[in-house]
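Here's the structure we're looking at; comments come further down.
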Amino acid sequence: MSEAKIALGRRLFYDADLSIDGTMACSSCHEQHRGFADGNRTHAGVHGDPGRRNVPGLANVAWRRVLTWGDPRTTTLEAQAAIPLNGMTPVEMGMAEDGRELARRLGRDACYRRMFKAAFPATRGRIDQASVIQALAAFQRTLLSFEAPVDRGEAPAAGAAIFAVKCASCHAGHDYTDDRFHRLRPPSAADRGAGEITGRFEDDGAFRTPSLRNVAVTGPWLHDGSAATLDAALAAHPGSDSADRPALIAFLQALTDRTFLADKRFGYPDDLCRPGSG
Ligand code: HEC
Ligand code: HEC
């Protein structure tokens, strides 16, 4: 994972030329100041196909063993990136899978040609969908968040204590997820979650436990964005006790890493590709 690959991936992440009509970048849905989520329930694709699921944040996404809300087969960032680029249900960025249009566009830009050469010396900078995806993954693996108040031992004690007992079995470890699928509510025909992929009845309505890193800024919440408040997201859990919620929400607010949300290394790369750079 070279510096050159990361710099290239960062530029690609913010580049709307990755969508068929040039209007949508990865960053259109994954906004840094919201922990790389967005503020919408769902986000429509380039042709206006309604989004199906809420945009998740990307903090520490390098550590996820399984990606997306509901697909146990998507286990690498490389496999995931093809979904927004080429996916048909729904169409998001609308690019063809063969990558020819992508290669043609990026290859016109002298700065991209230099950046691909630096990032992929073994292929002398071949520009194709595979290299685009590898660079995007390299950039996303740098999106590390570990400077929230909770990391400094500054989370409110009352909420932390309840969380440890009632939440940490699923929201486990450093990123507050077990990377497993659980059914909190009865399955709905609109989105069967993991059951859609595995075809197993017991997976119907099961979704991957989301990481809670930066959760206070990634709303609305839940796989369908149906929870407009953290209180509603907690109420959607079986057996949720409303008396616990104020303390739990105070704890969740201590998971926001302001440094991460403003880190210039993850932002729009306005310093790249001036004449003579790259
Ligand atoms: C139209 C909005 C949209 C665009 C554009 C978009 N995404 Fe996403 N992204 C989503 C949604 C919605 C999900 C959740 C999908 C699901 O679970 O089925 C997601 C999920 C992800 C995940 C999985 C995160 C996790 O915790 O499981 C990664 C990684 C990701 N996107 C990266 C990218 C990259 C890289 C690009 C650009 C090539 C991109 N996204 C473009 C909306 C978008
Ligand atoms: C049985 C496993 C499990 C337990 C226990 C659990 N959660 Fe969850 N949590 C999940 C799953 C799965 C989702 C996603 C559900 C969905 O989208 O339909 C979720 C979603 C959330 C969300 C929304 C996150 C987002 O990005 O949309 C929050 C906040 C949350 N949980 C907090 C908590 C708190 C606080 C507790 C303890 C009171 C708790 N959870 C207990 C599995 C669990």
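No lab work stands behind these numbers, since they all come straight from the coordinates. Note that this is a predicted model, so its numbers are computed, not measured. Counting neighbours? That spans all protein chains shown, and the Cβs are built from the backbone with ideal geometry, glycine included.
Some points to look at:
- Sum of -39500 (n - 2.57) over DSSP H runs of 4+, divided by residues of the chain (222 nm, nearest 500): -9000 deg cm²/dmol
- Low-density loop cleavage sites - trypsin sites (Lys or Arg not before Pro) in the range 68-163, where at most 13 other Cβ are within 10 Å (DSSP): ARG73, ARG108, ARG124, ARG126
- Summarised in one figure, the compactness ratio Rg/Rh of the range 71-119, Cα atoms and Kirkwood Rh, is 1.07.
- Whole-angstrom Cα spans of the chain along principal axes, big to small: 60, 42, 30
- Additional length obtainable on full extension of the chain from ASN40 to ALA250, 0.36 nm per residue less Cα span: 73.3 nm
- Pairwise inverse Cα distances across the range 3-143, averaged and inverted, put the Kirkwood hydrodynamic radius at 15.2 Å.
- Value of relative contact order over the range 149-260, rounded to a whole percent, pairs C-alpha under 8 Å and six or more apart: 32
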